[in-house]
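Readers should treat all values here as calculations from the given coordinates under stated rules, not as data from a laboratory. Computed from a prediction, not measured in an experiment: that's the story for all the values here. With ideal geometry, Cβ positions are generated from the backbone for all residues, glycine too; neighbour counts draw on all protein chains shown.
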Amino acid sequence: MSPSFPSDTSSIRPGSPAGGVRGRFAPSPTGALHFGSLLAAFGSWLAARSAGGEWWIRIEDVDRGREVPGAALDQLRTLAAFGLEHDGPVAWQSQRGHLYAAALERLLAAGHAFECHCSRADVAATGGVHRSCRPGARRPDPAVRLRVPDGRRAAFEDAVHGHVAQDVGREVGDVVLRRADGWWAYQLAVVVDDADQGMTDIVRGADLLDSTPRQLLLQDALGLPRPRYLHLPLVLGDDGRKLSKSDRSLAVDAGDPLPTLRAAWRALGQDAGMLPAHGPLRATLAAAVAGFDPRRIPRGPVPAIALHNAPAMPHA
Ligand SMILES: [Zn+2]
């Protein structure tokens, strides 16, 4: 039997923290954690812990085609080595398909979602923005999309970026929920999981800032409550582009976490003097929780080179 969702926003979410804060880190198991993903882990951990809240881990392995075998366990070992202890069981999206299926059923039944028979070329012909199906299109393996009416906008207040608004109908179009190849789309999985797990605060990289408006529309269509959002600055590699897994300039060394944590602290705009220059990991993390000030987080992006050259980043 499939678990059901609350049918209206007045329902109490199962497992919600009683009046408290619950955040999460949700990596995709596509490789080892790099500095950018460690920054998202540390930033979301700090935001939750400094508010006295819980911090959960969710492995976003919904796209099995991109998964690197062993990467998820390696990421969990790295987080543990960095002292970023989590609450609750680790959730694996690959084991939560029944929740996404139940949500999709509800959206289809309510007319918020529809089967799309368009080919990749059909959608590319309209600039990648799906507004209506090509007449007569028919395929044996249709995708399912969220219907986004013309002029449909979404807006929210981000704790770092302020007021963010998007004309989702014009800029994004109808959002894929289940892909033609049968995989669940990230947008559906993340919205369903955040609500099901009672997340109150979504702290993640600014590369997902663009995804948030369509996630808000999906929350509305499912009658789910809206969490608070804080998008962390991106870290740019020495070539000025977003730090990628292939960029070795700031690899995360699980055997020596303190230099990386100090660099992440600086990338979050925090006062380097708040952390002890030496001492055990546990004391550094406790000082970070006590001194964390989310108002100092820059809109970014942060060049990795500045973190390399930071004088208050001694290599222990
Ligand atoms: Zn279509």
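Here are a few things to note about the model shown:
- If both residues of a DSSP beta bridge must be in the chain, then about 50% of such bridges are antiparallel.
- Rounded to 5, percent antiparallel among DSSP beta bridges of the range 114-263: 65
- Among residues other than GLY269 with Cβ under 10 Å from its Cβ, the summed charge is +2 (Lys and Arg +1, Asp and Glu -1).
- Annotation for the range 84-132: trypsin sites (Lys or Arg not before Pro) lying in DSSP loop with at most 16 further Cβ atoms inside 10 Å of their Cβ are ARG131.
- Using the rule -39500 (n - 2.57) for each DSSP H run of four or more residues, divided by the residues of the chain, the 222 nm mean residue ellipticity is -9000 deg cm²/dmol.
- When the chain is treated as a Gaussian network with alpha carbon springs shorter than 10 Å, the biggest mean-square fluctuation among GLN270, GLN166, GLN95 belongs to GLN95.
- Structure remark: mean-square fluctuation, Gaussian network model of the chain, C-alpha springs under 10 Å; the largest value among SER94, SER37, SER28 belongs to SER94.
- For the chain, the fraction of alpha-carbon pairs lying more than 26 Å apart is 49 percent, rounded to a whole number.
- Here the simple spin-label model places points 7 Å from the Cα toward Cβ, and for ARG131 and SER119 these points are separated by 2.2 nm.
- Comparing Cα centroids, the range 135-203 and the range 54-94 end up 23 angstrom apart.
- When the inverse distances between all different Cα atoms of the range 61-139 are averaged and flipped, the Kirkwood radius reads 16.5 angstrom.
- Folded to 0 to 90 degrees: helix 35-50 orientation relative to the chain principal axis, Cα: 80
- Between 0 and 90 degrees, the angle of helix 212-222 with respect to the longest Cα principal axis of the chain falls at about 50 degrees.
- Cut-off under 5 Å, modelled amide H: who pairs with ARG153 long-range: VAL168
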